[in-house]
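Notes to accompany the following structure.
The values are calculated or read from the model by the stated rules, or taken from the named source; none is laboratory data. Model, not experiment: these values are computed from the prediction. Every residue, glycine among them, receives a Cβ derived from its backbone with ideal geometry; neighbour counts consider all protein chains shown. Remember, those area values only see protein heavy atoms, side chains included, never the ligands or the DNA or RNA. Shrake-Rupley method; radii C 1.70, N 1.55, O 1.52, S 1.80 Å.
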Amino acid sequence: MRYSIISGGLLSRAVAGLTLVWMMACARGNAAEQDTLALDAMSVGPENIVVATQTMLATGPIISGSLAPTREAAIRAELSGPVLSVHAEEGQPVGAGALLARIDDTAIRVQVQSARSAVASARVNSANAARELERTSTLVSAGALAERDLEASRTTSESAQAQLASAEAQLAAAEQQLRNTRVTAPFAGVVSARPVNAGDVVTPGTELFTIVAPGGMRLEAAVPAARLGEVSVGSPVTFSVAGYPSRSFKGTVRRVNPTADPSTRQVRIQVAIPNSEGRLVGGLFAEGRVASEEHEAVVVPLNAVDRRGISPLAYRVRNGEVERVDVQLGMLDEATERVELLGGIAAGDTLLVGAAQGISPGTLVRVSTPRDHASAQSTSTERPKPSRQR
């Protein structure tokens, strides 16, 4: 009896051991099968796949042009003379009425003084003529003088008044010229150009300074007449600027030209751009799009869709296997070359692009990393070293 119990225990341990051995053999078989499938799978580089995303997509005419300040003033000399001093440099912010430069006012001050003397003399003559007219009028009323004496006195008084008005006008002009010797900023802004230096002799019309108000910019662009229906005053505009490749800026259409260019058949538009941070400067090239429509959608690059057949197709990688999916295209963003997919593909799906779209559906694929490519290339270039025989 004791022998049978011991035998039963040994038998149980033997069965358990055989079961463990069988399970390990099965595990090794599954791992080998998986390794075989992984080796049989076609390798696809990361440059041949894209992932569908749920994001905002916009469409509209593409525009381009150069930025210019919304408010800009070229300040020119209004009189002749040497420049005594310059008080502003390029890039310097100035306030409204700030002194920018002074022009020699010696000759102008002499003219002002002469004009003031002429006004004083004319004012005395006018007052004397007025009193003479009043006295003559009294005597004519009393019959002591003839009517023609009154007419002569009235003419003299009117002439004296005219001379006074002329002298006052000349004084005002001279004083204005005196003020013009002080060149001041017409509004608050930044000096963008200063071609004049102290000691230069200027004449009327000589450019002295250019002042810009950096708080706002404008973009002059054109759209094809065929797409004019997608543009209206107030339409939002998104664009990028040379010098800020990683940033996008926004503006609105402020003006639409009522006529099209007869040679290009394009319509000029003006886009108003806020510049509260002062990052944008005039002369930079800008390129963007008038957003006539915008909504959230499943978006993929345009090259992820095969449009060579009757209906568009996409090649999706699911569970390591390529499958062909019929898709329906929606809105196209020409600026970023992205397209909306209305069905068949969901956000997060992996799609093949480029030459990888030629892989047959049902093929097993695996996405390799750049390190895998480097390893494969180094392995293929390695050559066995010849052994040395002694």
Checklist line | the range 73-217 - percent of accessible surface contributed by carbon and sulfur, probe 1.4 Å | finding: 52 percent
Item checked: Å² of accessible area per residue within the range 162-220, as computed with a 1.4 Å probe and no ligands counted -> 46 Å²
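When only Cα pairs under 8 Å and 6 or more residues apart are kept, what is the percent relative contact order across the range 294-335? It would help to have the intermediate numbers written out before the result.
Working: 33 pairs, mean separation 10.3, N = 42.
Normalised by residue count, the contact order of the range 294-335 is 25 percent.
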Checklist line | Whole-Å distance, taken between Cα centres, linking the range 58-101 and the range 244-302 | finding: 24 Å
Note to self: Please list, ordered by chain and number, the residues whose modelled amide H lies under 5 Å from the amide H of E321; skip anything fewer than 5 residues away on the same chain.
What the structure shows: V365
Checklist line | In Å, descending, principal axis extents of the Cα set of the range 208-350 | finding: 72, 36, 23
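Just the accessible area per residue of the range 42-132, please: how many Å² with a 1.4 Å probe?
On the way: 4680 Å² over 91 residues.
Here the residues of the range 42-132 average 51 Å² of exposed surface.
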Notebook entry, point to check: Which FRET efficiency value, to the nearest 0.05, do you get for E168 and R102 by plugging their Cβ-Cβ distance into 1/(1 + (r/R0)^6) with R0 = 30 Å?
Noted result: 0.65
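Within the accessible area of the range 298-350, what % is carbon and sulfur when the probe is 1.4 Å and the other protein chains stay in place?
Working: 1230 of 2840 Å².
The nonpolar share, carbon plus sulfur, comes to 43 percent.
Within the accessible area of the range 233-285, what % is carbon and sulfur when the probe is 1.4 Å and the other protein chains stay in place? Display every interim value, and only then the final one.
On the way: 1770 of 3300 Å².
Heavy-atom surface of the range 233-285 belonging to carbon and sulfur, 1.4 Å probe: 54 percent.
Quick one: length gained pulling V201 to S80 fully straight, 0.36 nm per residue minus the C-alpha distance?
Numbers: separation 121, 0.36 × 121 = 43.56 nm, distance 0.73 nm.
So the chain would gain 42.8 nm between V201 and S80.
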Next item on the list: Please give the per residue accessible area of the range 291-373, computed with a probe of 1.4 Å over protein heavy atoms only, in Å².
Entry: 54 Å²
Check: Which value, in Å² rounded to 10, gives the accessible area of D306 with a 1.4 Å probe and all protein chains present?
Finding: 20 Å²
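Take the Cα radius of gyration of the range 131-273 and divide it by 2.2 N^0.38 Å, with N its residue count; two decimals is plenty.
On the way: Rg = 31.6 Å, N = 143, 2.2 N^0.38 = 14.5 Å.
That works out to 2.18 for the range 131-273.
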Notebook entry, point to check: Stokes-Einstein at 4 °C, 1.567 mPa s, Kirkwood radius from Cα pairs: D for the range 72-181 in µm² s⁻¹?
Noted result: 74 µm²/s
